[in-house]
1. Output ³J(HN,Hα) for segment 76-92: one whole-Hz value per residue in order, computed from phi by the Karplus curve 6.51 cos²θ - 1.76 cosθ + 1.60 with θ = phi - 60°, and x for Gly and Pro.
2. Rounded, prolate or oblate: pick one for segment 13-124, where a ≥ b ≥ c are the square roots of the eigenvalues of its C-alpha gyration tensor, a/c under 1.5 means rounded, and failing that, prolate if a/b is larger than b/c, else oblate.
3. Got the relative contact order for segment 88-139 handy, in percent, Cα pairs under 8 Å and 6 or more residues apart?
4. Pulled fully out, how much extra length does the chain show between ASP36 and SER76, if you take 0.36 nm times their separation in residues and subtract their Cα-Cα distance?
5. Residues of segment 34-62 with amide nitrogen under 18 Å from the 7 Å Cα-to-Cβ point of THR96?
6. If R₀ is 41 angstrom, what is the calculated FRET efficiency for the pair TYR64 and SER110, using the beta carbon separation as r and rounding to 0.05?
Amino acid sequence: NDYCQINNLLHFMLIDFAKRVNQLLEGAPASKLVSDVSNYINHHMSETITIEAIAKEFFLSRSYLSKLFKAESNMSLSNFILTKKTDEAKYLLRYTNKSLTDISLSLGFSSPGHFSRVFKKYASITPHKYRKKYINWLWYKLFTNAVFHNTSSFKKFVRNIFGKYQTFSLIYNHT
């Protein structure tokens, strides 16, 4: 049990590190304002985030913050917030077994329906289809290529660790 917990922690740490490195490599360094707003969103991801709350945090008016942010990032602040929440949802859909309802609540959406509409708008796919598309590939590639030498040892590992959970059925049905 301790081994599994340590292994899971290591796995999530590596994924988080890779995600952060990828964000740094995606383009030019963000301005101080964009970076500060991004950090605010990251620290308040589980809440309903409003432009008013961010403006209050930075002692700016809502309209001035929106204007500055748009000028420095070429993206509206509301789109930036929803893009970051969608990116976090993608991460949770790929790397956890949380239900869509749990994910929507943990990201501060008012309802699972609202979460699904926002996700589809920003990811061009429903959350359910996204998970189905990516989870099979990720788990299969991660474990078969990085840890196991053949598919049968991978299936045995999955049975022992995940048992009857959803991830097992998704992986097993894929192989």
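1. 5, 5, 5, 5, 4, 4, 5, 5, 5, 5, 5, 4, 5, 5, 4, 4, 5
2. On the way: a/c = 1.93, a/b = 1.30, b/c = 1.48.
Note, shape of segment 13-124 comes out oblate.
3. Working: 37 pairs, mean separation 20.4, N = 52.
That works out to 39 percent.
4. Values: separation 40, 0.36 × 40 = 14.40 nm, distance 1.52 nm.
Result: 12.9 nm gained on full extension.
5. Correct set: 41-49.
6. Values: r = 27 Å, r/R0 = 0.66.
So, using R0 = 41 Å, E works out to roughly 0.95.
Any read-out appearing in this document is the output of simple, stated calculations on the displayed coordinates, not a laboratory observation. These figures come from a predicted structure and were not determined experimentally. We place every Cβ from the backbone using ideal geometry, glycine too, and count neighbours over all the protein chains shown.
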